[in-house]
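Bear in mind these aren't lab numbers, they're just calculated from the coordinates by the rules spelled out. It should be emphasised that the depicted structure is a prediction, and the values quoted were computed from it without experimental measurement. Heads up, the Cβs are rebuilt from the backbone with ideal geometry, glycines too, and the neighbour counts pull from every protein chain shown.
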Amino acid sequence: MPGQVLVVDDALFMRNMLIDIFSQAGWEVVGEAENGEQAVMMYEQQRPDLVTMDIVMPVLGGIEALKKILQLEPEARVVVCSALGQKHLILDALTVGARDFIVKPFQREQVLEVAERVIAS
Amino acid sequence: MEKEKYRSMFLVEAAEHLQAMSDILLRLDSDPENRQEIDALFREAHSIKGMAATMEYEETARLAHRLEDDLDLCRKRGYMSAGEINQMLAGVDLLEALHDDISQERPERSVEFYLQALTLEERSEGPVSRERSQPPPGEEEGTKIAGAAEPLLIQIDLVDTVPIAAPRLLVLLKRCSEFGIVLKSWPSLEHILSDKVDGRLLVQLRPQLPTKEIHAQLVGYSEVEEISFPKPVVSTGLGARPQKSASVRVSTERLDQLINLTGELITTRYQLQNALKQRHLKDLDDGIGQLSRLVKNLHHQVLQVRMVSLRALFSRLSRIVYDLARSSAKKIELQTDGADIEIDRAIVEELVDPLTHMVRNAVDHGLKDKDVGVISLKAWRDRDQVLVQVTDDGAGIDPQTIRRIARERGLLSSAEVKMVRDYDLYQLICQPGFSTVDTVTGISGRGVGMDVVKTAIEGMGGLVLIDSTPGAGTSITLKLPLSLAIIRVLLIESDGARLAIPITRVIQAIEISPAEIHSSSKQLMVHYQDAFIPLLSLRKMLKQQKGGKMKELPLVVTEVMGRRIGLVVDRLIGQQEVFVQRLAPPFDQIPGCAGGTILGDGQVVFLLDLQSLLERRKKRI
């Protein structure tokens, strides 16, 4: 099995899509969160191998959540997801410590390529 | 400061100083205690430092400053050790690479690793090695430091379709930092964060992983088109080629001559106008005579401006031989002759790669089994041509080996193999993919073979002649035109059309009688010198109408793809100097046509490129 993944996105549609992509490829989806606060909480409980994190979310945004997760676990592997137009948000997230990024709209191969690469590094 | 205005001036001058440094260092290698040479070297470094600092080329200035400091020590001490000479040559290489960066308008590469390498030496060996009172003959102190400080340049090119490049480059840059200490990157981190990027990332780092491993770690990115590891400092060839400079230095004396000529031309114009007004034919005739003399003179003078000596190229090749001798632990003596021969600078630029390859071949193949050898580099002028020859005193080429390979690869039939003369056989090594060596070494034999040399030389309208004596050595001669723009051609006629063949491509123009023609199977042959050469009809090649019977057949003996052929034409008209112009696209794609020129009577004449014409024919068959 490639690994355990936590899917974070405020849109149910996006979460379902990512969950499908991951489970079909043999990943274990250990949880889904719809905002940053939930994400940090679930990360602390589950300690998954990988987190896919949307950047723009209510309650607590992706970058803030990323910072908190990295405080819990400096080696945490977080991949941010964002739309094409949010280049600067992606750059910020990468500067903070995200391992890689996925651009929406998702392509199955792209998601898995990034996930597998991050896990392998 | 108006930096742009002075940039090209800086480039020309710096190139001269670098050339001088390189030359002096090679001389010091055999005479390391020559104080005058060390003094001169110091002054060259000093000049570069001053210029670079004024121009605010920070890295260049830093490095030149360092070299100057080191040389100051050597100067006071009165000698340079072999290791120091080597280290200094590496420094000059780096300066040349920086020069290249500046001329390409790239940011200067970092010189940090070079400066640190020397610091390392100081640390590990202490001041003793630099202040040693005894000259250490032949000691190689520079080499191990160079190895420890070898920086790696990683070049990553993204595919064009990557939607957002900056974040991708940031991920890759971070990834690279896991492979070692990043010294510098282009674009810099700041530029990536402010989104000033294109699809390329260059990272210079001191690696902690083998290059292979780094490559393996980077291949998993589908957004990455290509990963390469360009050499940051290329000590032989690339970084140091004679510059394709936009500006040319002209002596004031030459300029005065040009101005005087222009003055005379103006006077002649008035004479002619006057003669025309008065309908004075004698004066008109005199004036035109005067005019043609002046134009010829002007042409000569202007051509001279474009002429450069082969000196820079020769010293570049000397350096290559020096490096090759070092890396292959051979003792190679290089003899040069004719470095003062002048040739069009465009040709010199085109000669760098072919000659580099030939010299490498001479060391790698020619002197393969020898520890001591002589390579000679000779240039001389023969009327309108310049000949450049590379000779080695090595093993030579065994004609039997070529015969075997030619038969194996189907280049010649068994019958042809028996018939072909050794001389013609040697020309076969210029066929693409022809290599008599199975092993690939670091020096040559990497698939870039003599065919590339031949293509380059023939592209300039030149010829490659190969001669070899087994056991005594190989000699390769390049026959080159003096200038690319104005060349001497042989004018011929074929089915009413006049065509031109560069004279450098013509071995002889003769007339033969039909009785001299032999037929061997389907091919018509003629005896020329001591061999049979095939006859080809130009009319047929150009798909023109068949010609009638002729009493005498005009023949142009030439060499195409390493083989002599007799080209049958309708008429030999004569030789002439013409100004060749390239055809505008898409007409430059027409096979068989290398350009065009306008004759005195206004007629447009095309320059025949037999090579491409025959290649096309071969493909069709």
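If you average the sequence gap of Cα pairs under 8 Å that are 6 or more apart and divide by the length of the range B:486-620, what percent do you get for the contact order?
Numbers: 256 pairs, mean separation 37.7, N = 135.
The value is 28 percent.
Derived value for the range A:72-113: Kirkwood hydrodynamic radius 10.9 Å. Basis is the mean of 1/r over every pair of different alpha-carbon atoms. This model, with +1 at the C-beta of Lys and Arg and -1 at the C-beta of Asp and Glu, gives the range B:151-235 a dipole about its Cα centre of some 360 debye.
When the P(r) of chain B is calculated, the portion above 40 Å amounts to 43% of the C-alpha pairs.
With 10 Å bins beginning at zero, the pair-distance distribution over Cα atoms of the range B:518-621 amounts to 12, 39, 36, 11, 1 %. Taking amide H as placed 1.01 Å from N in the peptide plane, B:VAL159 has its amide H under 5 Å from the amide H of B:VAL224, B:GLU225, each at least 5 places away in sequence or on another chain.
Between the listed residues A:ALA39, A:VAL51, B:LEU610, the Cα displaced farthest toward the positive end of the dipole of the protein assembly as shown, a dipole computed from Cβ unit charges relative to the Cα centre, is found at B:LEU610.
Based on the alpha-carbon gyration tensor of the range B:252-308, what equivalent-ellipsoid semi-axes (square roots of 5 times the eigenvalues) come out, in whole Å, largest first?
Working: eigenvalues 151, 24, 6 Å².
They are 28, 11, 6 Å, listed largest first.
Over 27 Å between C-alpha atoms is what I'm after, so list which of B:LYS5/B:LYS296; B:LYS5/B:LYS76; B:LYS3/B:LYS184; A:LYS68/B:LYS174; B:LYS331/B:LYS418 land there. Result: B:LYS5/B:LYS296; B:LYS5/B:LYS76; B:LYS331/B:LYS418 exceed 27 Å. Comparing B:ILE192, B:LEU67, B:SER81 along the charge dipole axis of chain B, the residue lying farthest to the positive side is B:ILE192, per the Cβ-charge model. When only the Cβ of Lys, Arg, Asp and Glu is charged (+1, +1, -1, -1), the dipole of the range B:486-620 relative to its Cα centre reaches about 640 debye.
Hull volume per residue, based on the alpha-carbon atoms of the protein assembly as shown and their convex hull, is 249 Å³.
Can you tell me what share of the DSSP beta bridges in chain B is antiparallel? A percent to the nearest 5 is fine. It would help to have the intermediate numbers written out before the result.
On the way: 82 of 94 bridges.
In chain B, DSSP labels about 85 percent of beta bridges as antiparallel.
For the pair the range A:92-109 and the range B:288-360, the centres of their Cα atoms are 54 angstrom apart.
If you restrict to DSSP beta bridges whose two residues both lie in the range B:310-481, what percentage is antiparallel, to the nearest 5? In the range B:310-481, approximately 75 percent of DSSP beta bridges are antiparallel ones.
When the Kirkwood radius is taken over all Cα pairs of the range B:151-235, what Stokes-Einstein diffusion coefficient follows at 4 °C and 1.567 mPa s, in µm²/s?
Details: Rh = 12.8 Å.
The Stokes-Einstein estimate is 101 µm²/s.
Placing unit charges on the Cβ atoms only, positive for Lys and Arg and negative for Asp and Glu, gives chain B a dipole magnitude near 2440 debye about its Cα centre.
If you take every residue apart from B:ASP495 with its C-beta less than 11 Å away from the C-beta of B:ASP495, what net charge results, scoring Lys and Arg +1 and Asp and Glu -1? Before the final figure, lay out each step's value.
Values: positive: B:ARG498, B:ARG539, B:LYS540, B:LYS543, B:LYS546, B:ARG571; negative: B:GLU493, B:ASP570.
Surrounding charge for B:ASP495 is +4.
Simple rule: put +1 on each Lys or Arg Cβ and -1 on each Asp or Glu Cβ in the protein assembly as shown, find the dipole, and look at B:LEU324, B:MET541, B:LEU478; the Cα lying farthest toward the positive end is B:MET541. Helices that extend 27 Å or more along their long axis by alpha-carbon positions and average at least -0.5 on the Kyte-Doolittle scale are, among the DSSP H runs of chain B, B:3-30, B:35-54, B:82-103, B:252-277, B:281-306. Other protein chain C-beta atoms within 10 Å of residue C-beta, averaged over B:162-171: 6. Spatial offset of the range B:396-429 relative to the range A:11-65 amounts to 70 Å, using the alpha carbon center of each. Model label sites at B:ARG279 and B:GLN400, defined 7 Å from Cα along the beta-carbon direction, differ in position by 8.4 nm.
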